Amino acid sequence: MDSPALLLLNKPFRVLTQFTSEDGKATLRDFVHAPGMRPAGRLDYDSEGLVLLTNSGPLQTKLADPRWKQEKTYLVQVEGEITDDALARLRRGVQLNDGMTLPAAAERMDEPESLWPRDPPIRFRKAIPTNWLKLTIREGRNRQVRRMTAAVNLPTLRLIRWSVGPWTLQGLAPGESRAVDAIEIATFMKPASGRTNTHPRRRR
């Protein structure tokens, strides 16, 4: 059996988080050669940032299964002013059409330094300001961050996933990837209790 491998990729805008496409859209295959590896979780076609690829079922489960509640941090450019009330609602959890979200870590931030330009660029409306929000969640619902910001009247213009668990985009330009050291993977997979089982117990 192959040793667990993990690859970090900065997925560009308008790229599918899969290796095949039936309609000519760009896919991960255009940026990485990773036979036997699969994405651990998804990132929307119109979102950018960190995608993790692995050949390990247990590693994929710990990264993507909602039971593990791995933290995922997003840098979000939104339309409008970020009010204290909006931040408070995100921190408490907001009601979506598929239920209440878990509380999120939410804070205003300056535009990220050394941020690459998006192609095509954001369409700005002169009369409406844009601002940046840092949002950390522990769920993975479909288009969750966009729906959360819309629920507090802050439409998302640009969405960049900065981190998943202990790994970040640091040092990766769009389309670039790097392999994770085996020691990092082993440390991540090691149970805190010392047991070798990598799956959390289900409550009965």
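No value in this document is a laboratory result; all are computed from the given coordinates. Predicted model, so just to flag it, every value in this text is computed and none were measured. For neighbour counting, all protein chains shown are included, and Cβ atoms are generated from backbone atoms with ideal geometry for every residue, glycine included.
Label positions at Lys190 and Asp85, each projected 7 Å from the Cα along the C-beta direction, are separated by 4.9 nm.
Which of Ala26, Ala127, Ala182 ends up with the largest GNM mean-square fluctuation for the chain, with Cα atoms connected below 10 Å? Top of the fluctuation ranking is Ala127.
For segment 28-36, 3J(HN,Hα) computed residue by residue from phi via the Karplus equation (6.51, -1.76, 1.60; θ = phi - 60°) reads 4, 4, 6, 10, 9, 9, 9, x, x Hz, glycine and proline entered as x. Among the listed pairs Lys62/Lys134; Lys69/Lys126; Lys25/Lys69; Lys11/Lys126, a Cα-Cα separation exceeding 27 Å is found for Lys69/Lys126; Lys25/Lys69; Lys11/Lys126.
For the chain, a Gaussian network of Cα nodes joined below 10 Å ranks Arg123, Arg91, Arg108 by mean-square fluctuation, and the top entry is Arg123.
Taking only the Cα atoms of segment 71-164, the radius of gyration and Dmax are 12.8, 36 Å. Full extension of the segment from Asn97 to Arg178, taken as 0.36 nm per residue of separation minus the current Cα-Cα distance, would add 25.4 nm.
Report, in debye and to the nearest 20, how large the dipole of the chain comes out about its Cα centre when Lys and Arg carry +1 and Asp and Glu carry -1 on their Cβ. If you can, show how the numbers build up before the last one.
Details: 33 positive and 23 negative charges, 195 e Å.
Charge dipole, the chain, about its Cα centre: 940 debye, nearest 20.
If each DSSP helix of 4+ residues adds -39,500 (n - 2.57) and the sum is divided by the residues in the chain, what number results at 222 nm, nearest 500 deg cm²/dmol? Taken over the chain, the calculation gives -4500 deg cm²/dmol. Amide H contacts of Ala105 (H built 1.01 Å from N, in plane; Pro and chain starts excluded): Thr136 sit under 5 Å, all sequence-distant by 5 or more or on other chains. Shown in residue order for segment 79-87 are the 3J(HN,Hα) couplings computed by the Karplus curve 6.51 cos²θ - 1.76 cosθ + 1.60 at θ = phi - 60°: 9, x, 8, 8, 8, 4, 5, 4, 5 Hz (x for Gly and Pro). Which of Lys62, Lys134, Lys126 ends up with the largest GNM mean-square fluctuation for the chain, with Cα atoms connected below 10 Å? Residue with maximal mean-square fluctuation among Lys62, Lys134, Lys126: Lys126.
Alpha-carbon geometry of segment 4-140: the Rg and the Dmax are 16.9, 51 Å, given in that order.
Working note: Karplus 6.51/-1.76/1.60 with θ = phi - 60° gives segment 111-117 the couplings 4, x, 5, 6, 6, 5, x Hz, where Gly and Pro are set to x.
Once you sort the root eigenvalues of the Cα gyration tensor of segment 1-85 as a ≥ b ≥ c, which label holds: rounded (a/c under 1.5), prolate (a/b larger than b/c) or oblate (the other case)?
Note, shape of segment 1-85 comes out oblate.
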